[in-house]
1. List the residues whose amide H sits under 5 Å from the amide H of N19, counting only those 5 or more places along or on another chain, with H placed 1.01 Å from N in the peptide plane.
2. May I ask you to sort K84, K32 by Cβ crowding, counting other Cβ atoms within 10 Å and putting the fewest first?
3. Among residues other than G27 whose Cβ falls under 13 Å from its Cβ, what is the net charge (Lys/Arg +1, Asp/Glu -1)?
4. Relative to the longest principal Cα axis of the chain, at what angle does helix 75-88 sit, 0 to 90 degrees, rounded to 10?
5. What is the set of long-range amide H partners of R67 at a cut-off below 5 Å, with H atoms built 1.01 Å from backbone N?
6. Determine the sum of side-chain charges near L13: Lys and Arg each +1, Asp and Glu each -1, restricted to other residues whose C-beta is under 13 angstrom from that of L13.
7. Under a 5 Å amide H to amide H cut-off, with H placed in plane at 1.01 Å, what residues pair with F26 once short-range neighbours are removed?
8. How much of the DSSP bridge set in the chain is antiparallel, in percent, rounded to the nearest 5?
Amino acid sequence: MRQGRAVSDDLLLLRSAPNQLGASRFGYAISKQVGNAVTRNLVRRRLRAALERLPVKSGWDVVISARKASATVSFQALTASLRKLIQRSGLLNAPEGLEEGKA
């Protein structure tokens, strides 16, 4: 991760580094500052569900750290934040038929 890159916003911090595998791996860091165990697990489940909906490039190790504010926002806000960070880090695959950088 020292050789990777990091992007963040008010809700999340995303660190990524290339790996030598054919698949991407994801890790979640949810601090006790976010809340009790029930709240931390809720945030973790929401992040996993949001990642399932996003087309992420393969061959990356990604660690997502949740900030304290992530416990109080809706699933849609958390998903939008995660999408924005993955896009800013360059890990979002372009939809079929579209070239990268063009909408």
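Throughout, read-outs are computed from the coordinates displayed, never taken from laboratory work. The model shown is predicted, which means the values in this text are computed figures rather than measured ones. Ideal geometry is used to build each Cβ from the backbone, glycine not excepted, and the neighbour counts take in all protein chains shown.
1. Residues meeting the amide H criterion: W60, D61.
2. Working: K84 16, K32 9.
Lowest to highest Cβ neighbour count: K32, K84.
3. Details: positive: R15, R25, R44, R48; negative: D61.
Charge balance near G27 sits at +3.
4. 40 degrees
5. L12, L13
6. Residues near L13 contribute +4 overall.
7. V62
8. Details: 12 of 18 bridges.
DSSP beta bridges in the chain are roughly 65 percent antiparallel.
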